[in-house]
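Take a look at the structure below.
What follows draws every value from the coordinates through simple rules; no lab data is involved. Predicted model, so just to flag it, every value in this text is computed and none were measured. Please note: Cβ atoms are built from the backbone with ideal geometry, for glycine as well, and neighbour counts cover all protein chains shown.
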Amino acid sequence: MLITKYLSFSSLQLALLTLIFCVALAASVNASAADKHPVAIAIHGGAGTIRRELMSPEIEAEYRAILSKAILSGHKVLTAGGSSRDAIIATITLMEDSPLFNAGHGAVFNHEGNIELDASIMEGRTLNAGAVAAITQIKSPIKLANAVLDHSPHVMLVGAGAEIFAQQQGFKLVANDSFKTERRRLQFERIINQEQSTAELPETSNPLLLKYQFDEKKLGTVGAVAIDQNGDIAAGTSTGGMTNKRFGRVGDAPIIGAGTYADNESCGISATGHGEYFIRAAVAHDICARMAYKGISLQQAQDEVVQGKLVKMEASGGVIGVDKDANVAFSFNSLGMYRASINQHGDLLVQIFKQD
Ligand code: ASP
């Protein structure tokens, strides 16, 4: 009697346990499918006076092709379940290697005729960040910024110290000349010559200068922002800075909160434009903070800063961003911004001009 009672209790228990197990299993299967956060990615390749009438269809096609390739490479990482950090590194590395952009190979010359590179990366889940500035011998500054994030107790390393750290981390030093391109050298020489005279920039007949005359402002900083399947946001920016900048000048790109910011609670931002103003306006952080404090959309927050605050300061440039719900937005107050995105619905956008 007692044994039967015990047995029947035990089988009831077993049945209950089985039921609980099945419900839990179903819930966890559902949860893991639902837990996959929608992914999105946005990139830029610099903002400024991009004059449509001076850009040949061939050059335009080249820019659109590299922007497409870069955004697709980052998106592939995200859809395969990779992290937002890996996605933006894949994208930015590709753009650093392209001579079309002012980052890595093809970066602009400083006043001494050398290349000094800045980059930063930030992770929105932990608010960890890594940055490098005024480096001259590292092929991929964004990868070095990422190594600072992972392997250094510091947020930013500059110049010689950054390059010693790089070697300790297994990075190879490359010749500064390997970043230099003829196009950037000619642009630089024109600016230097003008600096020494009061006259206007003379008309040019150099075919290479003519080919790139749509870009008198020497654009091409690159940046990327992404959100992955875990809902983690990452943002990164890489640049050669501004043509003819003085030795040791550091722009906004490697300054966390100015050129780059990411916070899972609001958004990720990468900026491009006249760095001195972007530092003073704390552009990237301000946009995320406005979203968080005012409860406004990413687009509204970007517009308040880029079309409002920066315009009042007479600062030209733009930003890209992705928010915590995988919305993508751009804002720029210049004639154009090289940009591309793939939103949470998988829609691809590749644009250069304001009216694209
Ligand atoms: N923001 C960069 C700098 O000031 C330049 C740019 O984005 O064009 O270094």
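Before anything else, pin down the relative contact order of region 231-356: Cα pairs under 8 Å, at least 6 apart, normalised by residue count, whole percent.
Working: 247 pairs, mean separation 24.9, N = 126.
Relative contact order comes out at 20 percent.
Quick check: net charge around SER140, other residues with Cβ under 12 Å of its Cβ, Lys/Arg +1 and Asp/Glu -1? Let's see the in-between values first.
Working: positive: LYS139, LYS143, LYS172; negative: GLU96, ASP97.
Cβ neighbours under 12 Å give a net charge of +1.
Could you calculate the contour length gain from GLN300 to GLU314, that is, 0.36 nm times the residue separation minus the distance between their Cα atoms, to one decimal place in nm? All intermediate terms of the calculation are to be shown ahead of the outcome.
Working: separation 14, 0.36 × 14 = 5.04 nm, distance 1.96 nm.
Taking GLN300 through GLU314 to full extension adds about 3.1 nm, to one decimal.
Sort out the exposed loop trypsin sites (Lys or Arg not before Pro) in the chain (DSSP loop, at most 15 other Cβ within 10 Å) and tell me the longest stretch that has none.
Within the chain, the longest run free of exposed trypsin sites (Lys or Arg not before Pro) spans 52-171.
Sticking with the crude label model, points 7 Å out along Cα→Cβ, report the distance from ASN206 to SER68 in nm, one decimal please.
With each label placed 7 Å out from Cα toward Cβ, I get 3.2 nm.
Counting other beta carbons within 10 Å of each residue's own, what order do SER178, SER238 fall into, fewest first?
Details: SER178 11, SER238 35.
So the ranking, lowest neighbour count to highest, is SER178, SER238.
Which pairs in the list LYS36/LYS324; LYS36/LYS143; LYS180/LYS354 are over 22 Å apart, alpha-carbon to alpha-carbon? Walk me through the intermediate numbers first.
Numbers: LYS36/LYS324 13 Å; LYS36/LYS143 27 Å; LYS180/LYS354 30 Å.
With Cα atoms farther than 22 Å apart: LYS36/LYS143; LYS180/LYS354.
Between ALA61 and GLN168, what is the label-to-label distance in nm when each label sits 7 Å out along the Cα-to-Cβ direction?
About 4.9 nm, to one decimal.
Can you list, bin by bin at 10 Å, the percent of alpha carbon pairs in the chain, starting at 0?
P(r) for the chain, in whole percents per bin: 6, 25, 31, 19, 7, 4, 3, 2, 1, 0, 0, 0.
Arranged by the count of other C-beta atoms within 10 angstrom, fewest first, what order do CYS288, CYS267 take? Display every interim value, and only then the final one.
Numbers: CYS288 26, CYS267 31.
Taking fewest neighbouring Cβ atoms as first place, the list is CYS288, CYS267.
What fraction, in whole percent, of alpha-carbon pairs in region 97-196 exceed 25 Å separation? Please list the in-between numbers first.
Numbers: 1234 of 4950 pairs.
Here the tail beyond 25 Å accounts for 25 percent of pairs.
Between helix 283-294 and the chain, what is the angle of the helix's C-alpha long axis to the longest principal axis, kept within 0 to 90° and rounded to the nearest 10?
In the chain, helix 283-294 runs at an angle near 40 degrees to the longest axis.
With n ≥ 4 as the cut-off for DSSP H runs, can you work out [θ] at 222 nm for the chain, using -39500 (n - 2.57) per run divided by the number of residues, rounded to the nearest 500? Intermediate values should be presented prior to the final figure.
Details: 10 runs with 135 residues, N = 356.
Helix contribution divided over all residues of the chain: -12000 deg cm²/dmol.
About its Cα centre, what dipole magnitude does the chain give when the only charges are +1 on Lys and Arg Cβ and -1 on Asp and Glu Cβ, stated in debye to the nearest 20?
About 360 debye.
For the chain, what does the relative contact order come out to in percent, with C-alpha contacts under 8 Å and a separation of six or more?
24 percent
Select from HIS44, LEU144, HIS105 the residue farthest towards the positive end of the dipole of the chain; place +1 on Cβ of Lys and Arg, -1 on Cβ of Asp and Glu, and compute about the Cα centre.
LEU144
According to a simple spin-label model (label point 7 Å from Cα along Cα-to-Cβ), what is the distance in nm between LEU349 and LEU54?
Once both label points are built, they end up 2.7 nm from each other.
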